[in-house]
Amino acid sequence: MARRNREDDRDRDNEFVDKLVHINRVATVVKGGRRFGFAALVVVGDEKGRVGFGHGKAREVPEAIRKATDEAKKTMIRVPLREGRTLHHDGYGRHGAGKVVLRAAPPGTGVIAGGPMRAVLETLGVQDVVGKSLGSSNPYNMVRATFDALKRQRSPRHIAAKRGLKVGSLVERRQDGVSSPDAIEA
């Protein structure tokens, strides 16, 4: 029985992609000199719409990365994707002084985003998106701001259920645009 659980855990671990975003070396001064520690920021995702991030601290780098990866797997969120390749709508997120703007993009655009935001979007499984970081370039704030923007994503199915409409009417409006007077009245 225990053997089967370990195999299930291994299979579950293999489905996730993890990216090391940042390692910070910190030192504490003690009587004999300096004692170093490491903090790691890791992003984990399944490239199918689930992503999480974690922060781990330890005296050795591999241990800090392991702790961060474990935390990231525990704190995963699900993000609805359009056609499995881009976001449903543009989004804005912030955390502290870190602000990010995420925009849905047409096929073939690729992931246009820098640093920590790129790591989050690639592990999420987004293939076409444009992201811009405004404000702080601190990796921790950028990752948290990106997660704030992703948590605000809503699928047409979710909005239709909330409004009591059919999904087709919402998607139809998106393609027509809101500039026509009929779309505004409907």
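Some notes on this structure:
- Cα shape, the stretch 80-176, gyration tensor, a/c 1.5 rule: prolate
- Here the chain is assigned +1 on the Cβ of each Lys and Arg and -1 on the Cβ of each Asp and Glu. Its dipole about the Cα centre then comes out at about 780 debye.
- FRET efficiency estimate (nearest 0.05) - Cβ-Cβ, Val17 to Asp90, R0 25 angstrom: 0.50
- Between Arg154 and Val171, full extension at 0.36 nm per residue minus the direct alpha carbon distance yields a gain of 4.8 nm.
- With each label modelled as a point 7 angstrom along the Cα→C-beta vector, the Glu63-Thr75 pair spans 2.1 nm.
- Prolate/oblate/rounded label for the stretch 1-136 (Cα gyration tensor, a/c 1.5): oblate
- Neighbour counting of Cβ atoms within 10 Å sorts the residues Thr146, Thr75, fewest neighbours leading, into Thr75, Thr146.
- Top positive-direction residue, dipole computed over the chain with Cβ charges, set Ala161, Val43, His95: His95
- Residue-count net charge about Gly96 - beta-carbon cut-off 11 Å; Lys, Arg +1, Asp, Glu -1: +2
- Between the listed residues Thr109, Ile65, Phe16, the Cα displaced farthest toward the positive end of the dipole of the stretch 1-144, a dipole computed from Cβ unit charges relative to the Cα centre, is found at Ile65.
- Met142, Met117 arranged by Cβ crowding within 10 Å, fewest neighbours leading: Met117, Met142
- MRE, 222 nm, helices only [DSSP H, n ≥ 4, -39500 (n - 2.57), over the chain, to nearest 500]: -11500 deg cm²/dmol
Readers should treat all values here as calculations from the given coordinates under stated rules, not as data from a laboratory. Because the structure is predicted, anything quoted here is derived from the model rather than measured. Here the Cβ is made from the backbone with ideal geometry for all residues, glycine too, and neighbour counts use every protein chain on show.
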